[in-house]
Amino acid sequence: MTSLQQVIAHASSRNIGAELYDFAADLFPICRSITGNGLRQTLQAIGARIPLEIHEVPSGTPVFDWVVPKEWNIRDAYIADDQGRRIVDFRDSNLHVVNYSIPINARVSYAELKSHLHTIPEHPNWIPYRTSYYKEDWGFCLTHEQLQKLDPDGQYDVYIDSSLEEGALTYGECYLPGQSEHEILISSHCCHPSLANDNLSAISVATFLAEALARQNLRYSYRFVFAPGTIGAITWLARNKDAATRIRHGLVLSGVGSADKFHYKKSRRGNSEVDRAAAQILRHLSQAGSCLEFSPYGYDERQYCSPGFNLPVGCLMRSVWGTFPEYHTSADNLDFVHADDLAEAWCVCLGIFDVLENNCAYRNLNPFCEPQLGRRDLYGAQGGSHNIAEVIHARLWVLNFSDGNHSLLDIAERSGIAFPVIQATADLLVRKQLLVAVGEESLRREQSHASEAVLTFNTTSTFR
Amino acid sequence: MTSLQQVIAHASSRNIGAELYDFAADLFPICRSITGNGLRQTLQAIGARIPLEIHEVPSGTPVFDWVVPKEWNIRDAYIADDQGRRIVDFRDSNLHVVNYSIPINARVSYAELKSHLHTIPEHPNWIPYRTSYYKEDWGFCLTHEQLQKLDPDGQYDVYIDSSLEEGALTYGECYLPGQSEHEILISSHCCHPSLANDNLSAISVATFLAEALARQNLRYSYRFVFAPGTIGAITWLARNKDAATRIRHGLVLSGVGSADKFHYKKSRRGNSEVDRAAAQILRHLSQAGSCLEFSPYGYDERQYCSPGFNLPVGCLMRSVWGTFPEYHTSADNLDFVHADDLAEAWCVCLGIFDVLENNCAYRNLNPFCEPQLGRRDLYGAQGGSHNIAEVIHARLWVLNFSDGNHSLLDIAERSGIAFPVIQATADLLVRKQLLVAVGEESLRREQSHASEAVLTFNTTSTFR
Amino acid sequence: MTSLQQVIAHASSRNIGAELYDFAADLFPICRSITGNGLRQTLQAIGARIPLEIHEVPSGTPVFDWVVPKEWNIRDAYIADDQGRRIVDFRDSNLHVVNYSIPINARVSYAELKSHLHTIPEHPNWIPYRTSYYKEDWGFCLTHEQLQKLDPDGQYDVYIDSSLEEGALTYGECYLPGQSEHEILISSHCCHPSLANDNLSAISVATFLAEALARQNLRYSYRFVFAPGTIGAITWLARNKDAATRIRHGLVLSGVGSADKFHYKKSRRGNSEVDRAAAQILRHLSQAGSCLEFSPYGYDERQYCSPGFNLPVGCLMRSVWGTFPEYHTSADNLDFVHADDLAEAWCVCLGIFDVLENNCAYRNLNPFCEPQLGRRDLYGAQGGSHNIAEVIHARLWVLNFSDGNHSLLDIAERSGIAFPVIQATADLLVRKQLLVAVGEESLRREQSHASEAVLTFNTTSTFR
């Protein structure tokens, strides 16, 4: 069993789901935005768990076609009736204020107020989530029931104690060096206020992934980016064009805590190794996940997959943005995410990393006819409850296709046998001296003897 | 909106359908064949509307494996009973005479007569259409009802006042020069007598296409060939081997006036740009059309797609030859075609030309991350009733895939968004200085700056 | 009609099915194994019909990763009750003894006996077939009903008069030289005792194929290998590495006498010419067969398709191993196979060979436009009951795609017209001087004139 498979196996005893849920719950009340103290507070909480470098990028900094915006902070906000009663109150839910609202303190008519209000008539007791990052404005979000109780003839006090000033955009980065400088990127947006699935679920899963991976000795280096959506990813890319060239595989994580099945949106390349690794893991889940073709909208894979970068970065989700009614509403709360679903997401990510960590090509040292499995005690299951036929089939598949040109992932795809079984089989066959790993070096040197081959880093292209 | 899109948009106000129908109706009574005065008269009528060069190729001229046949003309024909009554009369329908019948004037028995008669028992009041171009013979086509009224003991006068003599094969050609000498070919057979869908529908549509295109300044040159089926296309190809090398895209038009949905038969190449352009247009019709694989039978695409030429020429139809009962019968009359269906065929052709005219690759000038659409007023719909999500999606698709390697047609195919929306989006983004067209020249010069790129002619292969 | 098509056509008059069945029935009683006299006796019977070279490979000979085992022979075996009655008797069925059982002569308790017994509880009156080639052991196979009649308190005499000693592994080889030294391999395992479908069916079909092919003058050389499964194929390959390089196409035959539809398991290459030829033949059977993807388990294609050889060898079956209840039981008897099914298998193999023998590319000598079929009397059916439209379509398909790059198999696949029709069409068009066969030589010489082309040997790769 690989080290990551061991981590996955130990997850249940550890009750990782409860830990993931509790961390998301701790962060839930904070009013985050694309800048400001809520974002900083969130990153500090993450930094308490994993080694996190926190970056502050001043307002006004040009980042590609964009400019880092002013920093927004908010302390209080309400709509009060003529008797001074707070009928819409930021203290009840930070969704009540349009994110990035400029300060206001005024008495306004119902008509004027209404032009600044947002509701969801179809879900009359849900509060929508709205933002106005790039147009200076103010507004309130409320339930449709609240709206309907307002008096059209009334006057209302609107009060938003916010600030929009020169400051900084904050993001956090956790870098875990591995044997190779080639990187796996995990990116989660962390700009949403009290929304549980989108995206505290992914923030929590990413944090605990970093925590788990930090204890391992891995082939790849891992980089976790916690940044506000769009502008944060753009800022990170603008400041890390070199680091971006080292990204071999990447996952944007979002909405991974709800009960929906998994959805993986492929990278722009469409058949990169991470796309195939994710498809491989999703295929063998008890509730098989679905793969979606790349499209240039969604989450921050939009930036990583912009044509200048074209990085092999996909997006792992359970619920897909914009397709479920709770999306961007107060119904995306702590009841909408579940410990078990978070735990499974954490395992799925580790499973994808496990494929990427262990995917390489081998060479069968007895390529002429099958080796005699029986005399090596390989014609039965070894110490386990595995399906015997599958175990033997896996051995035959790995032996037959280990011609130096097929990776373990190729073999898993073609055989329909799950990657961990194929990988364990390759390990066993290496121990039995029937197989040797093939590195780039030996692939290039035509005359090299298989026995001299060393396992070095293999790029995706090696395996295709 | 492109100039061709404007032509399409103006079609309804112009009532193009009625014009197309009326022109077909004018030509309907003429007795056409693969040679002769009916064919000449038809070409003269076309030449009254568009600049048409009429060619006369003498009988006996070798054309590849064939020889231009003798010229056939007919003035009158009938079968009369013993009381001199014309019971089958050419004046009622020119289908009554087997096309290319040699002259005869004789009294014959029922038995002898019958061996020269053709009917359709399943459709007892329809007259079949028959020819005998390459075997000198005579015959009559009649309804099965007419046949059944004949007296088996009777004697009949058969009279065909035709001539089959040295003469010429006539065809017409309309050449509309464009910016490039590369050509789009439109070919319609015009050898059938009074059959409306096959092929007056296509003759009329082609004529009005030439009329419309003659007023435009276009990228491609257009060549319209009006020639008898098979021998006419062969004759044209034999005399125009050089011109054929300039054909970049081509459409054989036939049977485009009936109520059936559109069918596009692919060129022998199977994935040429015209194949993809036609598929693109048919996909987005309110009643989506179907694409058919190439086969070496059908209409004159057989000749254009013969292996020595292998031109990228497909065949656009509504009803597919041989698959509908009215095919090659008197039921393919002016009731079988409709102004609306003709108008739609004319628009579909223009739509295909519009794709070909405007298909090229662009380069995103801000390839690193998305450009900020909001500050360019590109994050909402612009002055229109378009679906806002689609409009924004189109912008993101065009920006993301404008890497110099994807054509607009590639992007339309991959995004599922109709070509005109993609094309208009590219135009808008060029105006917004976010995009620049890529020409062959800049594609070849690796170091060239995108801003220097000029839009030159792009062959299909550039985009694949 | 090709010579092989004539052989197929004559099969029914010859009653080949009865001959195939009778030969299988003659061999049925023999107790075969992977070595020994039963195997020798079987090969001698084959050798009485076709020129067969019989090879004896001494025990202990290393063959790749394996070693030729000791030779096993058996004369008698039984389990007797305390009254000396043979209650399980080798003379009733040679399946009663675990194949390769070592000798024993002992009185044992029910408990000890039971650990050496094998039954099929779901099919209580069938005897299973079991082997113990590589672990020295003894055992009996019996019906579950027999087992249930044993007395748990009883003592039993077990007697196996076998020998396991230094000797030889025997296999037979029939080589039929053709015009080319390139070979088609037909391999059938012949190590199973009284099992009719697996594999007397294939032994019989292969024998009669060799008999039929021996009388023909063929393009390819044919090599038939009759060898024990796994170790026999490995032994043959170890001793024939050179011959293996001459194998261009190959079929492992097994289980071809049962009533199931045909199944063809593709070679590891997945799209080799034999894979396509088999698919072509199976597609046009009255009960269309199915193609299965390659997997590294099954019959001796496992060895031929091991990565060091990677030969284009597939496996033709009716019933697929392991998927039907009679597999490896006494129910795979002479009632389970049928003369008609054997005859059809023989014809299917000949059909596949016919494709391989006659598959080559042609060049249309009139590539510019269609040749005029009418004046060559090619626009109607010629002397036959064939479907006229198909016949003419076949001519057009062959003419259009005979550009030197498409083989007849390519054309059959693309047109959907059966290979023999396409092949006969090519023959006719050659006779009509419209087509000329293309050989490797002329394909390589770019300037060569088509009329100089000679038909030489074409490798598969030429046609892809």
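The values are calculated or read from the model by the stated rules, or taken from the named source; none is laboratory data. This one's a predicted model, so the numbers in the text were calculated from it and none came from an experiment. Quick reminder, even Gly has a Cβ in these numbers, built from the backbone with ideal geometry, and neighbours come from all protein chains shown.
A compact table of results
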read-out: Subset of the stretch B:246-278 [of a type in the set (Lys, Arg) and within 14 Å of chain C (Cβ to nearest Cβ)]; value: B:LYS265, B:LYS266, B:ARG268, B:ARG269
read-out: Tally of residues being in contact with a Leu (Cβ under 7 Å, 6 or more places away or on another chain) and surrounded by fewer than 24 Cβ atoms within 10 Å (Cβ to Cβ) across the stretch B:254-264; value: 3
read-out: Strands (runs of 3 or more DSSP E) lying entirely in the stretch C:309-409 (those with 2 or more residues that are in contact with a helix residue (DSSP H, G or I) (Cβ under 8 Å, 6 or more places away or on another chain) and away from chain B (no Cβ under 14 Å)); value: C:313-317
read-out: Qualifying residue in the stretch A:425-441 (condition: at pLDDT below 90, of a type in the set (S, T, N, Q) and out of contact with any Cys (no Cβ under 9 Å at 6 or more places or on another chain)); value: no
read-out: Check on C:VAL430, within 31 Å of the chain's Cα centre (by Cα) and more than 12 Å from chain B (Cβ to nearest Cβ); value: no
read-out: Tally of residues being without any contact (Cβ under 8 Å) to a residue 40 or more places away in the chain and in contact with a His (Cβ under 8 Å, 6 or more places away or on another chain) across the stretch B:144-196; value: 1
read-out: Single residue of B:SER132, B:SER101 found to be within 14 Å of another protein chain (Cβ to nearest Cβ) and touching a Gly at 6+ places or on another chain (Cβ under 9 Å); value: B:SER132
read-out: When residues of the stretch B:162-220 are limited to those that are among the aromatic types (Phe, Trp, Tyr) and within 30 Å of B:PHE336 (Cα to Cα), the one surrounded by the fewest Cβ atoms within 10 Å (Cβ to Cβ); value: B:PHE208
read-out: Residue among C:GLY178, C:GLY172 that is under 25 Å from C:ASN240 (Cβ atoms) and assigned to a strand (DSSP E or B); value: C:GLY172
read-out: Matching residues, the stretch C:289-308, being small (Gly, Ala, Ser) and away from chain A (no Cβ under 14 Å); value: C:GLY289, C:SER290
read-out: Conditions (1) within 29 Å of A:GLY232 (Cα to Cα); (2) exposed (fewer than 14 other Cβ atoms within 10 Å of the Cβ); number of the one not met by A:GLN6; value: (1)
read-out: Candidates B:VAL67, B:VAL57 - the one that is farther than 22 Å from B:PHE28 by Cβ, within 14 Å of chain C (Cβ to nearest Cβ) and within 32 Å of the chain's Cα centre (by Cα); value: B:VAL67
read-out: Counted residues, the stretch A:265-291 - those being part of a helix (DSSP H, G or I), surrounded by fewer than 17 Cβ atoms within 10 Å (Cβ to Cβ) and of a type in the set (A, V, I, L, M); value: 0
read-out: Checklist (1) over 20 Å from B:ASP341 (Cα atoms); (2) surrounded by fewer than 16 Cβ atoms within 10 Å (Cβ to Cβ); (3) at pLDDT 95 or above applied to B:ALA25, failing item; value: (1)
read-out: Condition met for C:TYR304 (free of Cβ contacts under 8 Å to residues at least 24 places away in the same chain and under 30 Å from A:ASP403 (Cβ atoms)); value: no
read-out: Segments classed as helices (runs of 4 or more DSSP H), wholly inside the stretch C:5-114, with at least 1 members that are closer than 17 Å to C:GLN146 by Cβ, among the aromatic types (Phe, Trp, Tyr) and in contact with a Pro (Cβ under 8 Å, 6 or more places away or on another chain); value: C:110-114
read-out: Boolean, B:ASP332 is crowded, with 21+ Cβ neighbours inside 10 Å and closer than 14 Å to C:LEU396 by Cα; value: no
read-out: Any hit, the stretch A:382-400, residues being of a type in the set (Gly, Ala, Ser) and at pLDDT 95 or above; value: yes
read-out: Subset of the stretch B:115-124 (residues that are in a loop (DSSP other than H, G, I, E, B) and either touching a Pro at 6+ places or on another chain (Cβ under 7 Å) or loosely packed, with under 13 Cβ neighbours inside 10 Å (or both)); value: B:SER115, B:THR119, B:ILE120, B:PRO121, B:GLU122, B:HIS123
read-out: Failed criterion for C:THR207 (all others in (1) among the β-branched types (Val, Ile, Thr); (2) in a strand (DSSP E or B); (3) under 20 Å from C:GLN6 (Cα atoms) hold); value: (2)
read-out: Residues located in the stretch B:226-245, provided they are crowded, with 23+ Cβ neighbours inside 10 Å, within 14 Å of another protein chain (Cβ to nearest Cβ) and outside any loop (DSSP other than H, G, I, E, B); value: B:ALA227, B:ILE231, B:GLY232, B:ALA233, B:ILE234, B:THR235, B:TRP236, B:LEU237
read-out: First in the stretch B:35-60 and more than 15 Å from B:CYS191 (Cβ to Cβ) and touching a residue at least 12 places away in the same chain (Cβ under 8 Å), second anywhere and in a loop (DSSP other than H, G, I, E, B) and among the β-branched types (Val, Ile, Thr), Cβ under 7 Å, 6 or more apart; value: B:PRO58/B:VAL68; B:SER59/B:VAL68; B:GLY60/B:VAL68
read-out: Complete set of residues in the stretch C:57-80 that are more than 17 Å from C:LEU164 (Cβ to Cβ) and surrounded by fewer than 16 Cβ atoms within 10 Å (Cβ to Cβ); value: C:PRO62
read-out: Tally, over the stretch B:410-432, of residues that are among the aromatic types (Phe, Trp, Tyr) and not in a helix (DSSP H, G or I); value: 0
